[in-house]
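Some notes on the structure that comes next.
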Amino acid sequence: MPQITTARLATQGQSLELVTVDEPVPGPKEVLVKVEASSLVPNASNIVSGSVEEGPELPCFFGLDASGVIEAIGPHVVGLNVGDRVYVDPLLTCGTCHQCRRGNKKLCHNSCLRSYITLNPGGKEQHKRYPLGALSEYVLSPDTNIAVLPSSIDINTACRFGYVGTSFGGLKKADIGPGKTLLINGVTGTLGYAAVAIGLGLGCTKILGVGRNRERLAQVQSLCKNGRVAVRSSEDGDFADWVRDETNGLGVDALYDCLGAGGDAESTSQLLECVKAGGKMILAGGATEGKIEFTYRTAMVRDVAILGTVWFDSAEIDEMMVLIDAGVIDLSFLQHKFFSVSDVNKALEFVGSRPGGAVNVVVQPHKLRET
């Protein structure tokens with residue numbers, strides 16, 4: 001049986017190691033994808049280091065997001081063909097639980113993000129069923145997790161779709177559309193940059209962003225030249241007055257909170273007063289620490305819906321790709337930085353330094369070393 005190379009995480013806190021395993025063979029409704037690009041984000045470094053508790057059961061073959069070309073398909077797969085350029089959605093679900101049967105696969109009782117995070121206890125079985133992560137030469141996937149890429153979307157951009165899609169799903173949940181106003185907490189990070197591009201594409205008239213790094217805040221503001229994007233350092237405070245000034249005294253329609261690991265939920269609590277009555281708060285900062293606190297009366301009178309968002313569904317990723325293909329959502333801000341799979345630990349070290357949401361760290365599993 002042919003052998004392939006994959007990156008293995010044996011113990012948190014240790015480096016990934018390259019090992020060889022048997023090349024998987026697709027079952028009746030499965031697809032084998034040759035991985036041409038795998039994106040690493042700062043949270044990948046957190047999982048490998050052990051600072052995130054919800055990582056996969058170890059040892060594991062690591063890596064979340066993959067894009068590439070279909071190498072082989074199972075005999076019962078329809079609508080997909082060998083040679084198709086694709087994004088591989090790593091959200092694995094059972095399809096039979098209460099939530100799955102009601103179309104809420106993002107809330108599956110037995111879900112995981114393959115080789116990355118166990119979302120629910122039952123997700124451990126999903127990891128075992130599809131053990132190879134995105135840092136492998138090939139990955140096996142259910143056919144329903146395969147999204148065929150339009151010709152205009154390059155492979156390297158597509159491997160970032162897990163986090164771009166998370167922001168897309170979050171802003172759809174916030175009912176962002178033409179004429180709406182949006183506040184993004186953590187705007188300079190992976191999710192934040194994507195949220196700005198998506199918010200602009202969906203028709204926001206004003207996007208306000210809060211972040212720490214002033215240089216990156218200026219870069220975010222430059223994504224739109226006509227004043228639709230305004231930014232403020234988290235060190236400056238006075239958010240309520242600033243938001244009112246930027247929204248004619250109304251407040252924003254929605255807050256998208258996407259703080260990175262180590263973020264403090266106290267800032268999220270403070271931004272509640274920036275959301276107009278009847279608006280929405282969308283929480284996407286999964287590693288944010290602390291509690292969101294406000295009074296019972298505030299919750300009752302303000303009538304602000306507080307909703308969580310973890311991932312996206314297949315309809316959302318398809319809609320997002322259509323909008324990217326049409327140029328409505330512009331991801332040209334992404335700066336790809338490439339690593340061969342033999343340098344995967346250098347890639348993790350680099351992304352762990354938090355280079356900012358404009359940088360897309362791309363590992364190429366079919367390149368064992370730089371040439």
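The values are calculated or read from the model by the stated rules, or taken from the named source; none is laboratory data. In this text the structure is predicted, and so the values were computed from the model without any measurement. Here the Cβ positions follow ideal geometry from the backbone for every residue, glycine too, while neighbour counts run over all protein chains shown.
Numbers for the structure displayed
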| quantity | calculated |
| --- | --- |
| Cβ pairs under 6 Å, 6+ apart, first in the stretch 47-69 and without any contact (Cβ under 8 Å) to a residue 60 or more places away in the chain, second outside any strand (DSSP E or B) | Gly50/Gln12; Gly50/Gly13; Pro59/Ala10 |
| Residues of the stretch 341-361 satisfying the condition of being in contact with a Lys or Arg (Cβ under 7 Å, 6 or more places away or on another chain) and closer than 12 Å to Ser39 by Cα | Val341, Val359, Asn360, Val361 |
| Matching residues in the stretch 23-79 - criterion: being within 24 Å of Lys367 (Cβ to Cβ), in contact with a Pro (Cβ under 6 Å, 6 or more places away or on another chain) and surrounded by fewer than 23 Cβ atoms within 10 Å (Cβ to Cβ) | Glu23, Leu32, Ala72 |
| Qualifying residue in the stretch 123-139 (condition: surrounded by fewer than 14 Cβ atoms within 10 Å (Cβ to Cβ) and not in a helix (DSSP H, G or I)) | no |
| Filter result for Ile184 (among the aliphatic types (A, V, I, L, M), touching a strand residue (DSSP E or B) at 6+ places or on another chain (Cβ under 8 Å) and crowded, with 22+ Cβ neighbours inside 10 Å) | yes |
| In the stretch 341-356, the residues that are outside any helix (DSSP H, G or I) and touching a helix residue (DSSP H, G or I) at 6+ places or on another chain (Cβ under 6 Å) | Arg354, Gly356 |
| Any pair with Cβ under 8 angstrom, 6 or more apart, that starts in the stretch 129-148 at a residue that is farther than 15 Å from Ser38 by Cα and ends at one that is in a strand (DSSP E or B) and at pLDDT below 95 | Pro131/Cys60 |
| Index of the failed condition, Gly13 passing every other in (1) closer than 26 Å to Ile70 by Cβ; (2) touching a helix residue (DSSP H, G or I) at 6+ places or on another chain (Cβ under 8 Å) | (1) |
| Strands (runs of 3 or more DSSP E) fully within the stretch 155-257 counting 1 or more residues that are aromatic (Phe, Trp, Tyr) and touching a helix residue (DSSP H, G or I) at 6+ places or on another chain (Cβ under 9 Å) | 252-257 |
| Residues being at pLDDT 90 or above and farther than 20 Å from Asp175 by Cβ - total across the stretch 297-313 | 3 |
| Pick from the stretch 325-358, criterion under 22 Å from Ser167 (Cα atoms) and hydrophobic (A, V, I, L, M, F, W, C), ranking: surrounded by the most Cβ atoms within 10 Å (Cβ to Cβ) | Val351 |
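Residue-wise test of (1) in the same structural domain as Val196 (by TED's automatic domain parsing); (2) within 19 Å of Ser39 (Cα to Cα); (3) aliphatic (A, V, I, L, M).
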| residue | (1), (2), (3) |
| --- | --- |
| Gly279 | yes, no, no |
| Ile282 | yes, no, yes |
| Gly285 | yes, yes, no |
| Glu293 | yes, no, no |
| Asp303 | yes, no, no |
| Ala315 | no, no, yes |
| Met321 | no, yes, yes |
| Val328 | no, no, yes |
